[in-house]
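The values are calculated or read from the model by the stated rules, or taken from the named source; none is laboratory data. Every value quoted in this text rests on a predicted model; they were computed, and no experiment measured them. When we count neighbours, we look across all protein chains shown, and the Cβ atoms used for this are built from the backbone with ideal geometry, even at glycine.
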Amino acid sequence: MCKTHVLSVSAAKAPFEKATIERRQLRPDDVSIDIKFSGICHSDIHSAHGDWAGGIFPMVPGHEIAGIVKAVGEKVTKFAVGDRVGVGCYVDSCGECEYCLQGEEQHCSKGFVATYNSLDYEGNPTYGGYSQNIVVTERFVVHIPDRMELDAASPLLCAGITTYSPLKRWKAGPGKKVAILGMGGLGHVAIQFAHAMGAEVTVLSRAKGKENEALGFGADHYFSTLDPEIFTMLAGRFDLILNTVSAPIDVDAYLSLLRVDGTLINVGAPAEPSQYNVFSLIMSRRSIAGSLVGGLLETQEMLDYAAAHGIKPQIEVIRADQVDEAYERILRSDVRYRFVIDISTL
């Protein structure tokens, strides 16, 4: 076993503390990674605060991991010491079910093993990227393109694939009118992907002071959702609405903004349930959908696409002793737009 320093919470809503855990010894198909940066996702907060049932404590969050390969097992073929690599939201799946065989490991019939707050197939708890080191099976590691900075790459391992995958699946592109609901850690990346794909992009956000930033990310239009007139003005306008917010929304109001056959796609994950009137769907053959990250091949595709199109999260790099403060700031929407922990400060 290999000891590594981590940031850990002992119980729901407890402050972060420095601790030491043991990573497993290198297996033949393992990659050992020195973590350089770990992004903070809103789901880290939900997990560490106990908003979702089933929290495993002590907990080491983090599933936006960017680092350098330190060692590889004897059967590893895709990576070598010194490679720039990333690890996202999960670190194992059965590899045998129909979904794994289709490259959709996130829908593994056995249940994927999450990067943290999960149990591996031997029953051991997983610990995430707020850590100096992680050991991961080769299949669940991706290459970070050379032209992409490691700190900016880390949020793409969750925020990037979470937005790229549904935009691609629902065919955002030329001739499509796409609305991005929320302009936070997910939303500001989604704008860039939708723009690069060729869609006409509208941002719907509570904030009134982000219009210039939205246009800079590639949006064509910007509207404040605090203005009730937009639901009349934009009625029946969009082919897709990508909902990135982590709070409940008025589902019926946003469904009214969709064209016939339009889809409201949820990638934000509020703790509270949503409600809607079925006639909001029936009358214009609208759909409500959800999307959960993407498979490993698609994640690599996303990173390569982001590098080729200059798509880059806007980040604020913080020290390890600033994580509690960062969580508080995220809950106040006081970040532009993604915190990334510099693990060298741990």
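One residue stands out in the range 293-318 among those that are assigned to a loop (DSSP other than H, G, I, E, B) and not β-branched (Val, Ile, Thr): the one that is nearest to TYR99 (Cα to Cα), namely GLY295. Checking each residue in the range 48-90 for being over 19 Å from VAL317 (Cα atoms), within 14 Å of the chain's Cα centre (by Cα) and outside any strand (DSSP E or B) picks out only CYS89. When the range 185-237 is limited to residues that are more than 20 Å from THR163 (Cβ to Cβ) and of a type in the set (Ser, Thr, Tyr), the one that is surrounded by the most Cβ atoms within 10 Å (Cβ to Cβ) turns out to be SER224. Put simply, of ILE241, ILE249 the only residue that is among the β-branched types (Val, Ile, Thr) and part of a loop (DSSP other than H, G, I, E, B) is ILE249.
Within the range 271-286, can one find any residue that is buried (at least 19 other Cβ atoms within 10 Å of the Cβ), in the same structural domain as GLY173 (by TED's automatic domain parsing) and β-branched (Val, Ile, Thr)? So far as the range 271-286 goes, no, none of its residues is buried (at least 19 other Cβ atoms within 10 Å of the Cβ), in the same structural domain as GLY173 (by TED's automatic domain parsing) and β-branched (Val, Ile, Thr). Going through (1) in contact (Cβ under 8 Å) with a residue 40 or more places away in the chain; (2) among the polar types (S, T, N, Q); (3) not assigned by TED's automatic domain parsing to the domain that holds LEU255 one by one, SER109 falls short only on (1). In the range 108-132, the residue that is nearest to the chain's Cα centre (by Cα) out of those that are crowded, with 16+ Cβ neighbours inside 10 Å and either acidic (Asp, Glu) or not in a loop (DSSP other than H, G, I, E, B) (or both) is ALA114. Of the candidates PHE193, PHE231, the single residue that is in a helix (DSSP H, G or I), in contact (Cβ under 8 Å) with a residue 24 or more places away in the chain, farther than 21 Å from PRO313 by Cβ and not polar (S, T, N, Q) is PHE231. Filter the range 75-104 for residues that are surrounded by fewer than 13 Cβ atoms within 10 Å (Cβ to Cβ) and of a type outside the set (A, V, I, L, M) and give the result. Residues satisfying the conditions are LYS75, THR77, GLY82, GLY95, GLU96, GLU98, GLN102. For the range 313-345, a tally of residues being of a type in the set (Lys, Arg) and closer than 15 Å to CYS158 by Cβ returns 1. Being in contact (Cβ under 8 Å) with a residue 40 or more places away in the chain and under 29 Å from VAL72 (Cα atoms): is that true of GLY103 here? So GLY103 fits the description; yes.
Among the residues of the range 252-282, those that are in a helix (DSSP H, G or I) and hydroxyl-bearing (Ser, Thr, Tyr) comprise TYR254, SER280. Would you tally the residues in the range 319-338 being assigned to a loop (DSSP other than H, G, I, E, B), free of Cβ contacts under 8 Å to residues at least 60 places away in the same chain and within 19 Å of GLY129 (Cβ to Cβ)? Result for the range 319-338: 1.
In this structure, SER38 does not satisfy being closer than 21 Å to ARG139 by Cα and over 18 Å from the mean Cα position of the chain (by Cα).
Yes or no, residue by residue, for (1) crowded, with 18+ Cβ neighbours inside 10 Å; (2) in contact with a strand residue (DSSP E or B) (Cβ under 9 Å, 6 or more places away or on another chain):
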site	(1), (2)
ARG27	no, yes
ALA53	no, no
GLY67	yes, yes
VAL72	yes, yes
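Taking the range 311-322 as the range and being over 28 Å from ALA214 (Cβ atoms) and touching a strand residue (DSSP E or B) at 6+ places or on another chain (Cβ under 8 Å) as the test, the residues that pass are ARG319, ALA320. Scanning the range 1-50 for residues that are over 26 Å from GLY160 (Cβ atoms), touching a residue at least 60 places away in the same chain (Cβ under 8 Å), among the charged types (D, E, K, R) and touching a Ser or Thr at 6+ places or on another chain (Cβ under 9 Å) yields a total of 2.
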